[in-house]
1. Considering only protein heavy atoms and a probe of 1.4 Å, how much of the accessible area of the range 17-70 is carbon and sulfur, as a whole percent?
2. Ignoring ligands, DNA and RNA, what accessible area per residue does the chain give at 1.4 Å, in Å²?
3. Given an 8 Å cut-off on Cα distances and at least 6 residues of separation, report the relative contact order of the chain as a percent.
4. Can you spot the lysines whose alpha carbon is less than 19 Å from residue 42's alpha carbon? Ignore those fewer than 8 places along the same chain.
5. Could you pull the Cα extents of the chain along its three principal axes, largest to smallest, in whole Å?
6. To the nearest 10 square angstrom, how much accessible area does residue 67 have with a 1.4 angstrom probe?
7. Using a Förster distance of 22 Å, how high is the FRET efficiency between residue 66 and residue 32, based on the Cβ-Cβ distance and rounded to 0.05?
8. Can you list the GluC sites (Glu not before Pro) in the chain that are in a DSSP coil and have 11 or fewer other beta carbons within 10 angstrom?
Amino acid sequence: MGRHIHFRIDTKEFKRLTTQCYFSEYGEDNAKDGVYQRLSSKDRQLVTVQLDKPTDEAQPWSGTFNIVIG
């Protein structure tokens, strides 16, 4: 299974939105994930985050995953 994070969003307008965020550094694991496999190439790009690795190993990796509702 790919390494990913689940997001669940509830709003007044939408009863529930669930999505997943995958990380490009784990491409081999992502390729084995059943949900990821069923996505088109374009959709895979939308749910895959490129993490920025700082040169100082004591600092955390960071990345951006935009969730747009509306």
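1. Values: 1930 of 4020 Å².
C and S atoms contribute 48 percent here.
2. Values: 5690 Å² over 70 residues.
Accessible area per residue: 81 Å².
3. Details: 87 pairs, mean separation 18.2, N = 70.
26 percent.
4. Filter leaves 32.
5. 43, 26, 19
6. My reading of the accessible area for residue 67 is about 70 Å².
7. In this case the efficiency is close to 0.30.
8. Numbers: sites: 13, 25, 28, 57; in loops: 13, 57.
Listed in order of number, the matching sites are 13, 57.
The values are calculated or read from the model by the stated rules, or taken from the named source; none is laboratory data. Keep in mind it's a predicted model, so treat the numbers as computed, not measured. Because the Cβ atoms are built from the backbone with ideal geometry, glycine has one as well, and the counts that use them run over all protein chains shown. Heavy atoms of the whole protein, side chains included, go into the accessibility calculation; ligands, DNA and RNA do not. Shrake-Rupley method; radii C 1.70, N 1.55, O 1.52, S 1.80 Å.
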